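Read the figures in this text as sums done on the coordinates, not as results from a lab. Computed from a predicted model, the values in this text were never measured in an experiment. Here the Cβ positions follow ideal geometry from the backbone for every residue, glycine too, while neighbour counts run over all protein chains shown.
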């Protein structure tokens, strides 16, 4: 399975360690909240709202260097808009990996 | 060139601000987590360029653009490529950046913004009926297989929510499977006015109007450029 990484953040920072640290801190602050809101909406079967949450999370997956994960999020967001959730397990395993990754940074 | 950044996501604002700092003569004047605060700022300040997130709670990027009287150049930032065609229907939009944004692509956008001249968009005609008489006093809506009566005079706001509309009254809110286009045909013109593609207001419930927004109960509702003249025409101005 594809793993989260710092390739995008490193490219963007281009050696600017202050910016790199700032962006990582922002992601560490924002991502857990976004994941929590997503789970809360899924638990209440609010698929349309969950689709909006996935939309936001998709960007975080891109920031954490996940190319395939980003594509999964796109497909999952579209599914949720139609009230379906066949990619739920796959998407949520990506979120778990992202959470572990940022906690170790 | 000065610019502002509007995005509800802090990570996105951090990235765009950093990218701006890498470009000569591009100064970030302010960052906003929502469109309302940016609207107030734009009423008082001249800005050359806006980096605007397309998906924000309450206001979409397109909703925001429609509230601007003289929109500056706008670069849309989004994780959704499905709106590119709609985006280029707006003359003020000079580029459409997909997140996560790379420096090379960002630089291209800024160069484009520096070259392009913005022409004001043509305002679409308001879609309300020309004439109305207040014959009916109420509306029946289908909610959970019951036809529920709502008095027109109780409604202060109707909001589009995807395939649904949210009818707000002083006592209760009703979510109904319908569109603004359908309900507008049932409403008396004397009371109701479409002020934005997502909002119809009860004209009599206005508390105040500030430039491109109107206060109804506790709701600040955007007024789109195309609907503003009709609203102003109907005000009993001193």
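Brief remarks on what is shown
- Between helix B:10-21 and chain B there is an angle of about 40 degrees, using the helix long axis and the longest principal axis of the Cα atoms.
- Per-residue ellipticity at 222 nm, computed for chain B from helices alone with -39500 (n - 2.57) per DSSP H run of at least four residues, works out to -6500 deg cm²/dmol.
- Label point of residue A:14 set 7 angstrom out along Cα-Cβ; within region B:19-60, amide nitrogens under 18 Å from it belong to B:19-28.
- Chain A: angle of helix A:88-104 to the longest principal axis, Cα-based, in degrees nearest 10: 30
- Amide N of region A:42-73 lying under 18 Å from the label point, which is placed 7 angstrom from the Cα of residue A:36 along Cα→Cβ: A:42-44, A:50, A:53-54, A:56-57
- Residue order, fewest to most beta carbons within 10 Å, for A:55, B:196, A:21: A:21, A:55, B:196
- According to the Cα-based calculation, Rg over Rh for region B:138-234 is 0.95, with Rh computed by the Kirkwood formula.
- For region A:25-105, the C-alpha radius of gyration divided by 2.2 N^0.38 Å, with N the number of residues, is 1.00.
- Per-selection metrics, chain B (Cα): Rg and Dmax in Å: 19.8, 63
- Acute angle (nearest 10 degrees) that the helix A:67-81 long axis makes with the longest principal axis of chain A, alpha-carbon atoms: 30
- Pair-distance profile P(r), taking every C-alpha pair of region B:2-115, with 10 angstrom steps and integer %: 14, 55, 30, 1
- Remark on the protein assembly as shown: ratio of C-alpha radius of gyration to 2.2 N^0.38 Å is 1.09.
- Arranged from fewest to most other beta-carbon atoms within 10 Å of their beta carbon, A:101, B:41 become B:41, A:101.
- Average beta carbon contacts from partner chains per residue of A:55-64, 10 Å cutoff: 5
- Averaged over the residues of B:10-22, the number of partner chain Cβ atoms lying within 10 Å of the residue Cβ comes to 5.
- Efficiency of FRET from Cβ geometry, residue B:108 and residue A:92, R₀ 35 Å, rounded to 0.05: 0.45
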